[in-house]
1. Assuming B:G172 fulfils every condition listed in (1) more than 16 Å from the ligand (Cβ to nearest atom); (2) under 22 Å from B:Q279 (Cα atoms); (3) in contact (Cβ under 8 Å) with a residue 40 or more places away in the chain; (4) surrounded by fewer than 23 Cβ atoms within 10 Å (Cβ to Cβ) apart from one, which condition is it?
2. Between a residue in the stretch B:518-545 that is in contact (Cβ under 8 Å) with a residue 12 or more places away in the chain and farther than 18 Å from B:A423 by Cβ and any residue that is open to solvent by less than 40 Å² (accessible area, probe 1.4 Å) and among the hydroxyl-bearing types (S, T, Y), which pairs come within a Cβ distance under 9 Å, given they are 6 or more apart or on different chains?
3. Only one of A:S214, A:S193, A:S140 is among the hydroxyl-bearing types (S, T, Y), open to solvent by 40 Å² or more (accessible area, probe 1.4 Å) and either facing another protein chain (nearest Cβ under 10 Å) or touching a residue at least 24 places away in the same chain (Cβ under 8 Å) (or both); which?
4. Taking helices (runs of 4 or more DSSP H) that fall entirely within the stretch A:16-95, which contain at least 2 residues that are of a type in the set (S, T, N, Q) and within 19 Å of the chain's Cα centre (by Cα)?
5. Quick check: is even one residue across the stretch A:197-212 part of a loop (DSSP other than H, G, I, E, B) and over 22 Å from A:L115 (Cα atoms)?
6. Hey, does the stretch B:50-71 have a residue that's closer than 18 Å to B:C147 by Cα and within 16 Å of the ligand (Cβ to nearest atom)?
7. Which ones in the stretch A:90-137 are hydrophobic (A, V, I, L, M, F, W, C), over 20 Å from A:V16 (Cβ atoms) and within 14 Å of chain B (Cβ to nearest Cβ)?
8. Examine the stretch A:150-161 for a residue that is free of Cβ contacts under 8 Å to residues at least 12 places away in the same chain, closer than 22 Å to B:F500 by Cβ and within 13 Å of chain B (Cβ to nearest Cβ), and state whether such a residue exists.
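The values are calculated or read from the model by the stated rules, or taken from the named source; none is laboratory data. Values in this document were obtained by computation on a predicted structure and should not be read as measured data. Cβ placement follows ideal geometry from the backbone for every residue including glycine, while neighbour counts extend to all protein chains displayed. Heads up: the accessible areas ignore ligands, DNA and RNA and are worked out on the full protein's heavy atoms, side chains in. Shrake-Rupley method; radii C 1.70, N 1.55, O 1.52, S 1.80 Å.
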Amino acid sequence: MSEASEADSSQEWLVVDDQELKSLAALSLDEAVAVRRWWQRLALSPVELKQLTPQPGLPRGVRAALRRCDTPDAALLTQAFRELWHLLPEATVESPFIEAQLEKWSCIALVLAELRNETPGKALAARLGQQASTGKPIMSELRFQQILTCRTPEELVQRLRRALALAGRSEMSAVRLADVVALWWREYSGEISARPTHRFGFMLANDYFGAAASYRHEDT
Amino acid sequence: MNLLNGARWLPCLMRDGSVEYRPPADMAHPDVINLACPRADFQAGAYQFLLGLLQTALPLADHGEWLDYLIEPPRPDTLQKAFAPLESAFELDGDGPRFMQDLDPLDDVKDTSVSALLIDSPGASTITKNIDLFVKRGRVDAMCEACAALALFTMQVNAPAGGAGIRVGLRGGGPLTTLVMPESADATLWQRLWLNVLPSSRLVQQGQRWTEPRSDDPDLFFWIADTRISDKKGTEVLPEHVHPLHAYWSVPRRFRLLIEPDKCSCDLCGRETDRIVRQVRGKKQGANYDGPWQHPLTPYRRDPKKPAELPLSQKGQPSGLGYRHWPGLVLNDPEGSGTMPAAVVLDYINHKQKLVDEERRWGEDVQALLKQMRLWISGYDLDKGKTRGWYSVEMPLVELPESSQDILREWVQQLTGLAQQVASATRNQIKAAWFKRLADAKGDMSQVDKQFFSATHDAFFHTVSRLTAILQEKAETTVMPADIAQSWYLVLRREALALFDDQALSGAQENMNWQRATDARRQLQGFLSGRSKGSKAVKDFISQHGFAPTAQTEKSPLTQGGAA
Ligand SMILES: [Zn+2]
């Protein structure tokens, strides 16, 4: 299914640069590359896409169908999800925990469908902590804390979709956005990193409060 | 019991791992490799007892004589002969003078439990291997004579503050003792002891005069005469009032042991004994030591800006003893930082080390195990006068020509100085992550420092040994090599962040105050990179040694977080 020819493989590497790769906690390089390519074909206009890859875009309706899904289960049955699943590396799609993988990646698909434009390298939470015209962060601290305490995949998807709407569906990295969902899943399935700085709560809070710190001290 | 006439009372660790009770004259027996006292503080006490005994019974004319005894230890009968003239001052009971006790039977004082001889709770803190195995805890109602003698001696030489009229030891209450020890576990007790014996001339303080030690000299052994009572002003005991060796035999406390014949087992060592001590009598106003004492086994500190003030003995620290104290324990710097290592340590570094090296070059068979040395530091952990435990810590000693010591000291101060700064920034940011306002943070944070210094301990001594090697090669070097400075900096940075993450981020995730935690971590990173306002020390260290604050190999994914 993969259209990437031998000649393209060196370019594929640059789809996710070193800096961005280092910032990921839960996605592998292959997964990150798949996510970016898939999102580009899903969301970008043919003109934009042409500058990035020879691969064709997905028909507009594919994304629309995905965005209409309310639950991860529903997303599983979309063409958009199938496209993503086929791009994923073997290690992912042939994992022994296939049920969990399917559910995790359908959540990623659901959330990424809300992103219209990306800024590679930039984290979701850093975008949410950015100053809005009100002088306050784009997402209030209270709502942000709710993301940190999501207990079900449905709740996570709902809160992240809401966050994307607040953020204008732009100015963040698709890859890092997918990483946030994957990281949440990792901890949801009981696997918490031994390094506290590689945990969901810390990573999001560090980005959010880090962004807010640049202007916050002026208020207090 | 007489301590010197051949009684087998000294617990010795034998080469085969067994413990045997032997007379002090067996301390040079080749099969005796260490002492095996029932408590960690007794172990250090017994070392000091034997050292005092050697200095008194075997006065050394010079280092040449010292070397002779190192190469060829005395036979037990030689030592026994040397001890014989002192015997009368080492009687533990009887009607005459009693070892380290009051000449007066103290009949007017109520009897108290023998546990009054014990300084509280050794065994609670750091104890070296081999020793803690022997520590017994719980009530102490009865002691054998051997344990009572060790308890009495340990109390007299360490005597912490005890209240009005209860005198502290000659070195102040609860001083540190530093001894030079061979690295090798195979070394004999004799080698361990002998490294800490000084030529007699080095024991003489200002105003003192050396005389042949005699058992009937009341300026040497106070207990053979009436107690020097200190109920009035002007009764202070100054160095010039006593024999130079008195530092080893000080008696600030007044005690009488009540020794009874009874078959019983000792609560400390567990041995069955015929004679037991259940009660003692104690009285206030013993010898009140004052003046510029400098005990040969203890490091001191003076204030170079106040030359008229007396040097103070270094004490145990509530936050533990670590490599940050090491320069003050081994490098002489009375004019700069004011630290004055113990005479035995300086004598080893400046004289014995050289001597041993030279002899080895001449083909003398000075055992190879005497190549690597350690510093053994012990003392009570006193917290505002309360005894919390006993320290027994070992650190490496370095081999270094005297001429390079100033440079090494400066370098080491740069290393420890940076470590102190990083430790305190780490502590402050952990506090900032934990507490709403720093002013609320009254909790004891010394644990953080302790952990930080213990995590960087090995790297410190590794760094020092690299520096020493460079000074040995190129004595004229004055600038610390950039790569060594950088690797020390990177170790400190890594451990600071690891400690912060462990303390401030690893609690229950849902209870975390993420704003405080992430802000504090960002502050700490800013400090460590030398970028924040308060991090001048880091910035200076980096620019002074001319290296980049990052390592090529280091993967640090999260430093870029936040607004791009
Ligand atoms: Zn005993």
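1. For B:G172, the exception is condition (2).
2. Filtered contacts from the stretch B:518-545: B:H545/B:Y489.
3. Working: A:S193 fails: open to solvent by 40 Å² or more (accessible area, probe 1.4 Å); A:S140 fails: either facing another protein chain (nearest Cβ under 10 Å) or touching a residue at least 24 places away in the same chain (Cβ under 8 Å) (or both).
Exactly one residue qualifies, and that residue is A:S214.
4. Working: elements: A:18-22, A:29-43, A:46-52, A:60-68, A:72-76, A:79-87, A:90-93.
Output list is empty.
5. Of the residues in the stretch A:197-212, the ones part of a loop (DSSP other than H, G, I, E, B) are A:199.
When the remaining residues are screened for being over 22 Å from A:L115 (Cα atoms), the result is A:199.
The answer is yes; a qualifying residue exists.
6. Within the stretch B:50-71, none of the residues are closer than 18 Å to B:C147 by Cα and within 16 Å of the ligand (Cβ to nearest atom).
7. Of everything in the stretch A:90-137, those that are hydrophobic (A, V, I, L, M, F, W, C), over 20 Å from A:V16 (Cβ atoms) and within 14 Å of chain B (Cβ to nearest Cβ) turn out to be A:L128, A:A132.
8. Taking the stretch A:150-161 as the starting set, the residues that turn out to be free of Cβ contacts under 8 Å to residues at least 12 places away in the same chain are A:151-152, A:155, A:158.
Okay, now just the ones that are also closer than 22 Å to B:F500 by Cβ, so none.
So far as the stretch A:150-161 goes, no, none of its residues is free of Cβ contacts under 8 Å to residues at least 12 places away in the same chain, closer than 22 Å to B:F500 by Cβ and within 13 Å of chain B (Cβ to nearest Cβ).
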